[in-house]
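What follows draws every value from the coordinates through simple rules; no lab data is involved. Fair warning: this is a prediction, and the values are worked out from it, not measured in the lab. As a convention, Cβ positions derive from the backbone with ideal geometry for all residues, glycine included, and neighbour counts pool all protein chains shown.
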Amino acid sequence: MEYQLPPIGTLTTRLAALNSGVQPATIRDWVRRGLLTRCGGTPKRPLYRLTDVEAARTAAKPTRANQRTVKAA
């Protein structure tokens with residue numbers, strides 16, 4: 001069940017993705033990488049603080065060795 005309206009100042013995974021302009025899988029990846037932490041909800045329906053989502057969106061993302069980079073022309 002999706003929340004009708006999450007508590008003020010929090011976002012569901014779907015709403016966090018919409019707010020950040022990314023896919024929900026990216027939000028889950030940020031959690032796995034430690035860039036974003038859950039603040040409540042259930043294991044299947046986590047909630048995130050709006051301020052934490054904004055910080056994760058602007059944070060420098062770690063890169064892997066041999067990762068392809070896009071060169072600006």
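Below, the figures for the structure above:
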item	result
Residues that are farther than 23 Å from THR63 by Cα, surrounded by 18 or more Cβ atoms within 10 Å (Cβ to Cβ) and in contact with a strand residue (DSSP E or B) (Cβ under 6 Å, 6 or more places away or on another chain), drawn from segment 14-48	LEU47, TYR48
Filtered residues of segment 7-24 (kept if assigned to a strand (DSSP E or B) and free of Cβ contacts under 8 Å to residues at least 40 places away in the same chain)	THR12
